[in-house]
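Q: Mind having a look at this structure? Questions to follow.
Each value in this text was obtained by applying a stated rule to the coordinates, not by laboratory testing. This structure is a prediction, so every number in the text was calculated from the model and none was measured. So basically every Cβ, Gly included, is an ideal-geometry build from the backbone, and we count neighbours across all protein chains shown.
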Amino acid sequence: MNVAYVDTSALVAIAFGERGGSRLARRLERFDELLSSNLLEAELLSAFAREGVDGGSNLLTWFTWILPSRALSQEIASVLSAGYLRGADLWHLACALYVAESAQELSFVSLDERQREVAEMLGFRVL
């Protein structure tokens with residue numbers, strides 16, 4: 001099964017037609033399943049509110065939500081050992097580690113350069 005974890009930066013680019021957004025949307029269509037933390041919901045809807053436009057909810061239907069049932073201290077420590085990230089970027093990578101039996105089996109989709117670097121260091125396939 002071809003599965004990807006999607007960070008908010010990628011979805012915002014698609015939603016607002018940013019450079020490369022349409023190409024990224026086509027790439028996401030190739031996956032069997034798209035995963036994300038429900039933090040993506042808050043971040044995406046916040047971006048829509050900031051821009052003063054309605055929408056975003058239909059994009060949320062693309063995802064299977066990762067809802068950790070325990071603290072992610074171990075995953076957070078793993079991410080931080082690979083490199084420093086701010087809270088939301090750290091949380092998304094920790095959630096991806098939580099859901100993956102091994103990082104190599106999951107693609108990580110982000111437009112944030114630092115987050116992509118750390119994801120690669122952790123072993124994710126990065127788009």
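Q: FRET efficiency for Glu113 and Ser46, Cβ-Cβ distance as r, R0 = 22 Å, nearest 0.05?
A: 0.55
Q: If I take the Cα coordinates of the stretch 3-126 and project them onto the principal axes, what are the three extents in Å, biggest first?
A: Sorted from largest, the Cα extents of the stretch 3-126 read 38, 26, 25 Å.
Q: Further question: Check which residues have an amide H placed less than 5 Å from Val126's amide H, if you skip close sequence neighbours.
A: Excluding prolines and chain starts, which carry no amide H, the hits are Phe108.
Q: Please go through the stretch 1-100 and write out the chymotrypsin sites (Phe, Trp or Tyr not before Pro) that DSSP classes as loop and that have at most 14 other C-beta atoms within 10 Å.
A: The qualifying sites are Phe16, Tyr84.
Q: Run the dipole for the chain about the Cα centre, Lys and Arg Cβ at +1, Asp and Glu Cβ at -1, nothing else charged, and hand back the magnitude in debye, nearest 20.
A: That gives a dipole near 180 debye.
Q: To continue, here is another question. Which angle between 0 and 90 degrees, to the nearest 10, do you get for helix 87-99 versus the longest principal axis of the chain when only C-alpha atoms count?
A: 70 degrees
Q: Another question, if that's okay. I want the local charge near Leu11. Using Cβ-Cβ distances under 11 Å, sum +1 for each Lys or Arg and -1 for each Asp or Glu among the other residues.
A: Every neighbour counted, the sum reads -4.
Q: If each of Met121 and Trp65 carries a label point 7 Å out from its Cα toward its Cβ, how far apart are those two points in nm?
A: With each label placed 7 Å out from Cα toward Cβ, I get 3.1 nm.
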